[in-house]
Structure formats: C-alpha cells, structure tokens
Amino acid sequence: MTDNKPTDYAAIIRAANQTVSEPPEWLTVGKHIYSPEYGVGEVMALLGRRLIVKFVEEVTPTQFGDWEEAISIGSIQSSNANLVSSTTLIEQTNTRAATVSERIHQIPHLAFQSIAQELIASITAVDIKNPNQGIVHTVPSDLPPALRLALQNNGITNIYSHQLEALTKLRAG
C-alpha cells in the first residue's frame with residue numbers, strides 16, 4: 001500500500017493519464033483525512049489513483065498507490081479534523097476512547113463486557129442490539145453419552161437453532 005521508495009515520477013504521469021472514478025469530496029487537495037496507521041494528514045495530491053498525503057507525525061509524505069483500494073480496506077477515511085498538532089489528535093482519540101468505554105459499560109452481559117474491555121484498544125465503536133428470542137430445539141438424542149450427560153449436569157436441555165445448524169454441518173463434514 002505505502003512505501004518509502006523514491007518517488008517514481010513516470011508512474012505518477014501514467015497514473016494521471018488513467019481514467020479513474022471521481023474521488024469523494026473529502027479526498028481533495030487541502031482536506032484532512034484519517035488513517036488508522038498514520039493518524040490525521042492533509043491531502044497533498046491526487047494523481048489518477050495515486051494519493052499523496054502528509055501525515056502530522058510522518059516526516060515525509062505517504063503515497064497510496066490506489067486511493068479506491070485504500071478506502072475500501074479502511075486504510076483512509078474522511079476526517080473532520082482541522083489538525084495543527086498531534087495534541088488535537090490525542091484529544092480526539094481520548095474522546096473516542098471515553099465514548100467507547102462508556103458504551104462498553106452499557107453492555108448487559110458481563111462476559112461480553114469483559115471481552116470488550118480486553119479489546120478496547122482496537123474497538124472503534126460499540127453497537128448494542130436488543131436481544132431477540134431464539135428458536136430452541138431439544139438436545140439431539142444421538143449425541144455421545146458423555147456429552148449428553150455433561151449438558152444435563154449443567155442444566156442444558158435445549159439448544160438453539162444456530163447450534164443445531166452447526167452440529168448438522170459438522171456431521172456433514
């Protein structure tokens with residue numbers, strides 16, 4: 001995606017002559033974008049598919065060979081930042097982390113809340129869905145006796161439809 005090689009001006013000229021999609025409005029010279037890898041930066045040039053961005057924390061501009069691909073895989077995205085220093089980025093990150101942390105504490109199931117807390121550094125948003133009633137089935141009678149007994153000893157007399165589906169697919173190979 002990016003590299004630290006010298007600028008290949010011939011490739012830039014070829015890229016400028018290619019027919020490419022119209023970039024989104026936020027991906028124009030002078031606009032700020034965000035990259036999970038590099039932080040916030042300013043678009044310096046858009047030549048064909050090639051995108052050149054000066055990120056705040058990077059000494060040299062970063063080149064993306066194909067801006068459409070960079071958008072599709074999440075390497076770059078729109079930013080509302082009007083950055084003048086890394087302090088602003090840190091403040092935005094801290095605000096986002098506080099919001100994610102608040103949402104994690106709203107997760108009703110403590111086991112899931114604990115898992116989310118462990119992964120908080122890589123979580124960008126928390127969406128809590130209302131539970132829905134699952135479709136239950138009796139535990140299949142042809143399960144191995146040790147498994148049936150273990151389920152019984154733990155008070156499990158029914159399984160959900162997705163569990164039955166997984167069992168059926170497992171048996172089918």
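The values are calculated or read from the model by the stated rules, or taken from the named source; none is laboratory data. Note that this is a predicted model, so its numbers are computed, not measured. To get the accessible areas, we keep the full protein, side chains included, count just its heavy atoms, and leave off ligands, DNA and RNA. Shrake-Rupley method; radii C 1.70, N 1.55, O 1.52, S 1.80 Å.
General remarks:
- Accessible area (Å², per residue) of segment 24-69, counting only protein heavy atoms and a probe of 1.4 Å: 47 Å²
- The phi-based Karplus calculation (6.51 cos²θ - 1.76 cosθ + 1.60; θ = phi - 60°) puts the 3J(HN,Hα) values of segment 28-41 at 10, 3, x, 7, 9, 10, 10, 10, x, 7, 10, x, 8, x Hz, whole numbers, x for Gly and Pro.
- Karplus 3J(HN,Hα) series, Hz, for segment 131-145 with 6.51 cos²θ - 1.76 cosθ + 1.60 (x for Gly, Pro): x, 10, 6, x, 8, 9, 9, 5, 5, x, 6, 8, 5, x, x
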